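Let me begin by presenting the structure, written as structure tokens, before commenting on it.
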């Protein structure tokens with residue numbers, strides 16, 4: 001191949017003397033067009049070297065009036081496709097594979113095979129009958145497809161263009177190809193089967209094989225069950241495919257989709273062969289095993305399609321590939337399994353934007369409904385959570401429909417949590433009593449821990465920092481208006497009255513007390529702060545006590561109950577705690593003995609000992625109930641001494657000094673025994689308690705002057721004086 005330079009006049013020869021003797025010919029990409037008049041795969045690049053320049057023609061040859069050839073030089077031929085060779089002419093045809101066309105088999109030492117990307121001299125199929133590579137060129141659709149297949153390998157099954165295949169997809173294709181090569185011999189072994197005795201899969205029940213006649217020879221009527229027969233066991237195929245799917249979970253989203261779809265294609269063509277008897281292992285049977293594997297593949301693909309933003313072209317090709325698979329009858333359930341609504345669909349976008357609150361619309365006379373399988377719903381929830389689009393998440397869960405009702409309800413249990421995340425606390429409180437799309441409310445699924453967690457969020461207008469409904473040491477304040485006075489109390493009590501599993505669990509009542517003995521404001525570090533309420537005056541106490549019974553009766557029927565005046569004034573927290581105490585008395589009266597969790601209930605009152613005294617006074621007239629309360633408290637004090645000690649150390653001497661007199665000054669001997677038991681915990685741990693003297697001094701002032709009025713007997717009086725003395729001596 002030659003290339004020439006031209007000059008318009010003689011005076012340019014000094015400049016042309018700098019043009020090099022050799023030029024570089026660069027191979028273009030496969031289908032690129034180089035508009036330099038040099039063919040499709042060559043490009044002339046001039047070298048600036050001066051020493052190598054040699055003129056081959058020094059005379060001026062006039063071509064026409066405006067153009068003259070002043071010199072020419074020999075070109076350096078670089079590797080090129082056979083169809084671009086300047087030495088040997090090439091004849092093009094759309095698809096000729098039988099024999100070389102004219103002189104296409106000839107080649108120079110720089111010609112490359114279009115299909116193999118190797119020098120023509122090294123192509124093993126250059127002139128092979130029925131597949132002549134020498135005829136291949138880039139203007140033929142057939143040969144271009146053959147080249148794509150050679151370069152893309154197994155990825156050609158997805159109809160991917162070479163420009164769409166990146167490193168991730170190519171690696172996935174290599175893994176898929178390796179898997180197919182591994183699977184083929186294992187599947188062939190299944191098809192071939194293996195000989196085994198009939199009774200290896202099904203125990204013989206003939207009389208000659210009973211235990212007492214085990215050594216007898218088989219009779220003629222059962223000998224057929226002990227001959228070798230051919231079994232087709234699919235379990236090794238199942239194991240290999242499962243192992244491959246485990247690798248998929250570790251790959252990138254695009255690679256994972258390719259590997260999963262490739263595995264699905266292999267499963268589609270696996271045949272079920274008959275066995276002499278039905279094998280017990282489900283993985284040994286083609287239909288059962290392949291259905292389990294396909295279900296796993298489909299679920300993973302559904303998650304991938306929702307959680308990742310695939311390019312639309314790639315997305316559509318993946319879906320088209322799956323839909324084009326010839327599914328056997330036992331796979332018919334998966335026919336439309338990948339018809340996942342895209343995030344940019346009009347219906348889904350309108351729901352997320354709050355423009356569609358029903359999840360249905362009419363499109364060209366056809367009604368559309370936002371109905372999705374549970375795996376897709378779970379994936380959407382996960383993505384919206386990760387992106388912190390909580391408002392959109394609530395809108396989606398309120399309208400989406402799913403055939404797996406239980407799984408959907410499980411996701412809806414976090415609706416209140418999501419509403420708190422974006423500061424809509426009134427709606428969050430309302431959802432605890434009535435949830436859209438559910439018969440009842442989400443609170444019917446709550447345990448005491450979830451009950452308390454939701455009350456903390458609503459009371460403090462904060463949330464745990466993460467997206468999980470678990471207790472946190474630190475809380476994140478959220479914007480939004482607080483609840484109106486009385487709303488949280490009515491909501492909490494109504495939740496208890498509507499759910500027996502919460503109502504009859506003492507931990508729920510302990511949680512309720514603990515919440516109302518917690519400040520509505522968080523510390524600077526985001527931790528919960530204890531709340532100490534003043535003792536109520538007699539007027540407030542009498543008003544609330546007299547109204548408690550009607551209020552509780554009404555709350556058992558409905559949530560919209562009007563609360564009297566004390567609940568709306570500055571001392572509403574005190575009034576609400578009094579009502580809670582009365583509700584606890586009602587619970588204790590209806591609970592099945594023995595009472596449990598009384599020690600936790602006692603600790604829940606914190607520094608509000610007046611409320612604890614009110615509770616004990618409320619059950620004092622019921623001797624049997626009071627006995628159960630005392631017995632439970634003493635039993636738990638004995639069994640959980642370390643827990644009590646930790647509580648004392650955390651809350652300090654002021655807490656102990658106020659708690660013990662609540663029991664010691666009670667007229668009932670059983671109640672006083674709880675007070676003595678609390679002091680015993682302190683006495684047993686005097687070495688580790690540095691503030692015991694403070695407690696002793698406080699008890700000397702608060703208790704000793706009143707021991708006569710509370711009818712303490714002589715033995716108790718002596719014991720109390722001794723204990724106080726021991727405590728003071730530690731000062």
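The values are calculated or read from the model by the stated rules, or taken from the named source; none is laboratory data. Quick caveat: nothing in here was measured; it's all calculated off a predicted structure. Every residue, glycine as well, gets a Cβ built from its backbone with ideal geometry; the counts of neighbours run over all protein chains shown.
Tabulated data
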item	result
All positions within region 344-388 that are surrounded by 12 or more Cβ atoms within 10 Å (Cβ to Cβ), without any contact (Cβ under 8 Å) to a residue 24 or more places away in the chain and part of a loop (DSSP other than H, G, I, E, B)	345
Pairs with Cβ under 7 Å, 6+ apart, first in region 471-486 and closer than 16 Å to residue 431 by Cα, second at pLDDT 90 or above and assigned to a loop (DSSP other than H, G, I, E, B)	482/461
Hey, residue 552 in a loop (DSSP other than H, G, I, E, B) and in contact (Cβ under 8 Å) with a residue 24 or more places away in the chain or not	no
Verdict on residue 563 being outside any helix (DSSP H, G or I) and farther than 18 Å from residue 458 by Cβ	no
Residue 636 being touching a residue at least 40 places away in the same chain (Cβ under 8 Å) and within 20 Å of residue 606 (Cβ to Cβ)	no
Residue match in region 389-397 (condition: surrounded by fewer than 18 Cβ atoms within 10 Å (Cβ to Cβ), modelled with pLDDT of 95 or more and assigned to a loop (DSSP other than H, G, I, E, B))	yes
Per-region count, region 539-556, residues exposed (fewer than 11 other Cβ atoms within 10 Å of the Cβ) and at pLDDT below 90	1
Hey, residue 314 out of contact with any strand residue (DSSP E or B) (no Cβ under 8 Å at 6 or more places or on another chain), at pLDDT 95 or above and assigned to a helix (DSSP H, G or I) or not	no
Members of region 584-602 that are in a helix (DSSP H, G or I), under 41 Å from the mean Cα position of the chain (by Cα) and closer than 16 Å to residue 626 by Cα	584, 587, 598, 599, 601, 602
The lone exception for residue 410 - which of (1) within 20 Å of residue 369 (Cβ to Cβ); (2) assigned to a helix (DSSP H, G or I) it fails	(1)
Number of positions in region 229-248 that are loosely packed, with under 14 Cβ neighbours inside 10 Å and assigned to a helix (DSSP H, G or I)	4
Filtered residue count, region 449-475, keeping only those that are out of contact with any strand residue (DSSP E or B) (no Cβ under 8 Å at 6 or more places or on another chain) and over 21 Å from residue 393 (Cα atoms)	8
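For every residue, the table says whether it meets (1) out of contact with any strand residue (DSSP E or B) (no Cβ under 8 Å at 6 or more places or on another chain); (2) under 29 Å from residue 315 (Cβ atoms); (3) assigned by TED's automatic domain parsing to the domain that holds residue 251; (4) surrounded by 16 or more Cβ atoms within 10 Å (Cβ to Cβ).
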| position | (1), (2), (3), (4) |
| --- | --- |
| 126 | yes, no, no, yes |
| 144 | yes, yes, no, yes |
| 149 | yes, yes, no, no |
| 168 | yes, yes, yes, no |
